[in-house]
């Protein structure tokens, strides 16, 4: 629920400063959180360039923010130790954008019970709710899954929950720290009148017959067909996994309808890029031949390319047979364009073909690596409890593995290990400032509705272990020997990560596991460039300047209005401050006193005037009577 | 198996737990109020 008052709103592009005090990992996480805002809302962020109001993110004590734009020039937001988690940053920025906690909204008692005697002494005031003069729930239903909701253990004095949801199924839903919920997005977009986002472009699950405006080519040999199943597979689509009778469609290229080498082209609707880089993500199923392939093209429309050039971006070959697979393709398009999916029949006589579903296109960076874990439920009960990913290489050349720990119920742990690799002699050791982002993908068909769980760690080259070794030193020096499944020996360094990456309970929720498949997306970025001071500009004539010599008394706040500094004065139910600088105090009692005094004064004045009038009239009458008597000629007088 | 280190000491602390451990007395756990709001 949001704070009432237009003055608390920020412009759609919020100026920010990342303070020098911030840890390196926090800096990367904050930038990732901004990307989530750009994908799902119309809120954007830009480095401060002198605007009157901006958010200064710094490493203070704890994680906190003010609510709304306080119009104080530099508004602080603390991302302290332990707060460098993407959903925590999202939470604090939602405060800054004008949102309170979900359970403080006026109707919360209809949805949750606060167990007052389980709350730490002196902390009960944290559980107050506020009426709709102070907060606005924006006509959106109570949201148990909000990233702004307290968890059930908030401020508990024992082990029993302080918040009990009226619907028991939501007990473990409240307090999620993964991503915005659908209602969070709805409310934010309503509050800021958003109708589009910066980086989202397209999402299609082929449930509607118009197939999201996608078009068949007339220059190919066959068409893609919208179907809900294919005899050779898949038996169902990826969006619903067959859970909904009468729905669940995908697009299929039937290889048996064409000869070897024939193609079927399916183009997206025309798209208009803003940022110049895109990530195409989709699920692909192969029930045909291992020699079939899917080509991804871009058809660009620009003045320079009159012929609407079709550019091949990627050839996807060796698609495994018999399961839905997640693919990412990086695009770099600056003109309006279509994405084109080109199915190509290869050798082999088998029936079936290629199928695509759950396409998402956004102007974001693709993950660098995808770890696809099949038959996930079987792993949960495995004796070792730990599973290592295949080895991957970062863009800088560092080799690494991810370790998933499934045995420490109820939690799932995830750790990052550097391992010995082919480039080690050319690399810098200890490994400096590589930020590793590990994401368990929520496989919701629409990228805007996903609540993927994402955590990051950063390699600090100065970090040491208890015995004085550098933690991120060369694995061949500080690691332990192990063997790949093919028998090749390698060295694995120490793991660094989270024993509570998420709970098994949450992992079973939403679409983290779909068809018993789990996807872990991995990105390893060099963030050395964030280890510099953000150039702070000279502020424009803003709140700081105009308000410097315009002090408001009695805790009034100075704001800019029509280019002038003005005071907004504090007030309560029966008192207020007023005057140009809030220098005068008023209250209801004063008003009554003034009203009564005025009435009495007016009465007294009127009374005086009346008395004087009566006196003067009587006096005048008296005088007139006397003079008339003196001038009178008496008749019939006696002599 | 090489050693593994937990970033957060093996405890999944929510925002309010972090602030509580630090002894911060913020409004609703993580909100900083200005003078007018405090009143």
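Each reported figure results from applying straightforward, stated rules to the coordinates on display, with no laboratory input. It should be emphasised that the depicted structure is a prediction, and the values quoted were computed from it without experimental measurement. Note that we place each Cβ from the backbone using ideal geometry, even for glycine, and neighbour counts take in every protein chain shown.
Expressed as a fraction of 2.2 N^0.38 Å, the value expected for a compact globular protein of N residues, the C-alpha radius of gyration of the stretch A:8-157 is 1.10. A Förster distance of 25 Å, applied to the separation of the beta-carbon atoms of residue A:128 and residue A:7, puts the FRET efficiency at 0.60. For the stretch A:333-473, the relative contact order is 15 percent, taking Cα pairs closer than 8 Å that sit 6 or more residues apart in sequence and dividing their mean separation by the residue count.
Averaged over peptide B:17-24, the number of partner chain Cβ atoms lying within 10 Å of each residue's Cβ comes to 6. Rounded, prolate or oblate: which one fits the stretch A:391-543, using the alpha carbon gyration tensor with axes a ≥ b ≥ c (rounded when a/c is under 1.5, else prolate when a/b beats b/c, else oblate)? Verdict is oblate for the stretch A:391-543. Counting only DSSP H runs of at least 4 residues, each contributing -39500 (n - 2.57), and dividing by the residue count of the protein assembly as shown, the helix-based mean residue ellipticity at 222 nm comes to -5000 deg cm²/dmol.
Could you work out the mean projected area of the convex hull around the alpha carbons of the stretch A:1-46, in square nanometres to one decimal? Can you show the working numbers first?
Numbers: hull surface 17.0 nm².
If I average the Cα hull's projected area over directions, I get 4.2 nm².
When only Cα pairs below 8 angstrom with a gap of at least 6 residues are kept, chain A shows a relative contact order of 12 percent. Computed from Cα atoms, the angle from the helix A:588-631 axis to the main principal axis of chain A rounds to 20 degrees.
Here each label is just a point 7 Å from Cα along the line to Cβ, and for residue A:160 and residue A:262 those points are 7.1 nm apart.
Which value, in Å³ per residue, describes the convex hull spanned by the Cα atoms of the stretch A:178-264? Present the calculation step by step, with values, prior to reporting the outcome.
Details: hull volume 15.5 nm³, N = 87.
Spread over its residues, the Cα hull of the stretch A:178-264 gives 179 Å³ apiece.
How big is the Kirkwood radius of the stretch A:222-329, worked out from every pair of different alpha carbons and given in Å to one decimal? Its Kirkwood hydrodynamic radius stands at 15.8 Å. Pairing the Cα long axis of helix A:86-97 with the longest principal axis of chain A, what angle in degrees results, from 0 to 90 and rounded to the nearest 10? Value to nearest ten degrees: 20.
For the pair residue A:229 and residue A:291, the difference between a 0.36 nm per residue extended length and the Cα-Cα distance amounts to 20.1 nm.
Across every pair of non-identical alpha carbons in the stretch A:448-522, the mean reciprocal distance, once inverted, gives a Kirkwood radius of 15.7 Å. Modelled spin-label separation between residue A:109 and residue A:469, with each label point placed 7 Å from Cα along the Cα-to-Cβ direction: 6.0 nm.
Extension gain for residue A:489-residue A:378 works out to 37.3 nm (0.36 nm per residue, less the C-alpha to C-alpha distance).
Label point of residue A:121 set 7 angstrom out along Cα-Cβ; within the stretch A:143-171, amide nitrogens under 14 Å from it belong to A:157-158. Along its first, second and third principal axes, ordered by size, the stretch A:410-487 spans 44, 34, 32 Å in Cα coordinates.
Between the helical axis of A:24-40 and the longest alpha-carbon principal axis of chain A there is an angle of about 80 degrees. The Cα atoms of the stretch A:355-455 cover 42, 41, 26 Å along the three principal axes, with the biggest extent listed first. Binning the C-alpha pair distances of the stretch A:276-423 at 10 Å intervals from 0 yields a P(r) profile of 10, 27, 30, 24, 8, 2, 0 %, listed from the shortest bin outward. Within 10 Å of the Cβ of each residue in A:493-501, the mean number of Cβ atoms contributed by other protein chains is 5.
On full extension, the segment bounded by residue A:618 and residue A:596 gains 4.7 nm, given 0.36 nm per residue less the C-alpha separation.
Taking the alpha carbon gyration tensor of the stretch A:72-169, what are the square roots of 5 times its eigenvalues, largest first, to the nearest whole Å?
Details: eigenvalues 106, 68, 37 Å².
Sorted largest first and rounded, they come to 23, 18, 14 Å.
Give the calculated FRET efficiency between residue B:5 and residue A:578 to the nearest 0.05, with a Förster radius of 45 Å applied to their Cβ-Cβ distance. Approximately 0.15, to the nearest 0.05. Based on C-alpha pairs under 8 angstrom that are at least 6 apart in sequence, the stretch A:96-222 has a relative contact order of 25 percent.
Averaging 1/r over every pair of different alpha carbons in the protein assembly as shown and inverting the result gives a Kirkwood radius of 29.5 Å. Between residue A:480 and residue A:532, the distance separating the two model label sites (each 7 Å from Cα on the Cα→Cβ line) works out to 4.0 nm.
Quote the Stokes-Einstein diffusion coefficient, in whole µm² s⁻¹, for the stretch A:352-405, based on the Kirkwood radius over alpha carbon pairs, a temperature of 4 °C and a viscosity of 1.567 mPa s. Don't skip to the answer; put the middle values down first.
Values: Rh = 14.5 Å.
Answer, rounded: 89 µm²/s.
With the alpha-carbon atoms of the stretch A:485-528 aligned to their principal axes, the span from lowest to highest coordinate is 37, 35, 19 Å, starting with the largest. If I take R0 = 45 Å and measure r between the Cβ atoms of residue A:212 and residue A:23 in this structure, what FRET efficiency does the formula 1/(1 + (r/R0)^6) give, to the nearest 0.05? For R0 = 45 Å, the calculated efficiency reads 0.60.
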